[in-house]
Every structure is written in structure tokens, then in C-alpha cells.
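The values are calculated or read from the model by the stated rules, or taken from the named source; none is laboratory data. Bear in mind that the values here come from a model prediction, so they are computed numbers and not experimental data. Cβ coordinates were reconstructed from backbone atoms using ideal geometry, including for glycine residues, and neighbour counts include every protein chain displayed.
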Amino acid sequence: MFIRAYLRASTDSQDASRAKDSLIQFAADNGHKIAAFYVENESGTKLDRVELFRLLDDSHDGDVLLIEQVDRLSRLSPDDWISLKAIIAAKKVTVVSLDLATSHAALKPAQGQDEFTKGMITAVNGMLLDMLAVVARKDYDDRRRRQAEGIEKAKVREVYKGRQVDQALHGRIKECLDAGKSIRKTAEIVQCAVSTVQRVKAG
């Protein structure tokens, strides 16, 4: 069994690797090491994600897809979530999430469990995974709705200015670059995506 960790953030200004240490510690606490990390800045509402599918392509029967929270894997529509689950099932990969305690059993020895018990654990875990995926999508939809309502109100008051540049973040990036730090090292220091640093550098 190989454990492959998937880390995702929605925007370039967010640090997709933020949860890496937590995942490493979680695996160690359960007697395992993470074989590989797959990191990307991409919306969880998008099914076609390069690093997620590279992880699945690399995976074999019995491997574990480790995530910090279910919403890192999915904020998908119901149809897309069904599609992703089918792909995961076809690869015979088990999803383990830090926020889903029933999934942690996949990292523990299964000796002494009969087939009925194993089947019940799998069924309960699948049901809870579905529930959390639905909650993650609802949270996304609710935030988008509130954002749209706020924009409309701002437009009515003629105070809407669009998405603002994070000047403080850009300032920290420029300081690191001016000090001779590499693009990747700068991204690590200020905890943002490499692409954000590249954009700031390009001016």
C-alpha cells in the first residue's frame, strides 16, 4: 500500500502546500510514510485537475489517497462527484481524510475483521464521504451566492471596485526577490503559489 497525498488550494494566492506537515504527521502517527505529494492550485469545482488525475494514474490497487479535508478533493456538482467516485473505485483506491474519522481505519491492520465488518466500515465511510462532499458543494454555492449579492449591493451604491490586488503580499514577494531569493523559495517564504510570484516578478 502506497499513500499518495493530494493538496489543493483554489487560487494562486493561496498556499496549496499548507497542510503538508499535518498530513505527514498524521501518516506517521498511524505508522506510515507518504510516498508522494500531488499539489495544485485549482478550483475544487473542476473535475479535470491535472495533479489529481496524475495521482490516480500513478495509483495501484489498495493505495490510499490522503487529503486534509473532503473539500480539498471535491466541491464538485453531484454528477461530477459521481464520475470522480467511479474513477477512484475503478482504481481500487481508498480515500482517507483527516476530517473523516471512519476513513482512518484504512491505515490500520485489518486482522480480526470478518468480511461483514469490513463491508460495514466501507459502506459507512462511503456514505459519510458522500455527505461531506455535498456539504462542501453547498458551502461553495452559498459563498458564491453571498458574494454575488454583496457585489450587486456595492454596484447599487456605486462603490464596487472589483477584485483588489493584495498589496501586502506583493510587497513581501518583491522584498524576497530583491534579496536574491529564487521564485520557488519566495513562494515558500510568503506562503503563496509559484505562479503568483512569477506574475509579480513579470511586473
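Which of the numbered conditions does LYS181 fail, given that it passes all the others? Conditions: (1) assigned to a helix (DSSP H, G or I); (2) modelled with pLDDT of 85 or more; (3) outside the structural domain of LEU65 (by TED's automatic domain parsing).
Of the numbered conditions (1) assigned to a helix (DSSP H, G or I); (2) modelled with pLDDT of 85 or more; (3) outside the structural domain of LEU65 (by TED's automatic domain parsing), the odd one out for LYS181 is (1).
If you go through the range 20-43 one residue at a time, how many are under 11 Å from the mean Cα position of the chain (by Cα) and more than 19 Å from THR196 (Cα to Cα)? Full working, then the answer.
Just the residues of the range 20-43 that are under 11 Å from the mean Cα position of the chain (by Cα), to begin with: 20, 38-43.
If we keep only those that are more than 19 Å from THR196 (Cα to Cα) as well, we get 20.
Residues in the range 20-43 being under 11 Å from the mean Cα position of the chain (by Cα) and more than 19 Å from THR196 (Cα to Cα): 1 in total.
For GLU149, all conditions in the list (1) assigned to a helix (DSSP H, G or I); (2) modelled with pLDDT of 70 or more; (3) in the same structural domain as GLY44 (by TED's automatic domain parsing) hold save one; what is the number of the exception?
(3)
Being surrounded by 12 or more Cβ atoms within 10 Å (Cβ to Cβ) and of a type outside the set (A, V, I, L, M, F, W, C) is the filter; apply it to the range 160-170 and report the residue that is modelled with the lowest pLDDT.
Taking the range 160-170 and keeping what is surrounded by 12 or more Cβ atoms within 10 Å (Cβ to Cβ), we get 160, 166, 169-170.
Restricting the remaining residues to those that are of a type outside the set (A, V, I, L, M, F, W, C) gives 160, 166, 170.
On the way: TYR160: 52, ASP166: 75, HIS170: 84.
Going through the qualifying residues, I end up with TYR160.
Given the conditions (1) loosely packed, with under 14 Cβ neighbours inside 10 Å; (2) at pLDDT 95 or above, and given that SER59 satisfies all but one, which numbered condition is not satisfied?
Status for SER59: all satisfied but (1).
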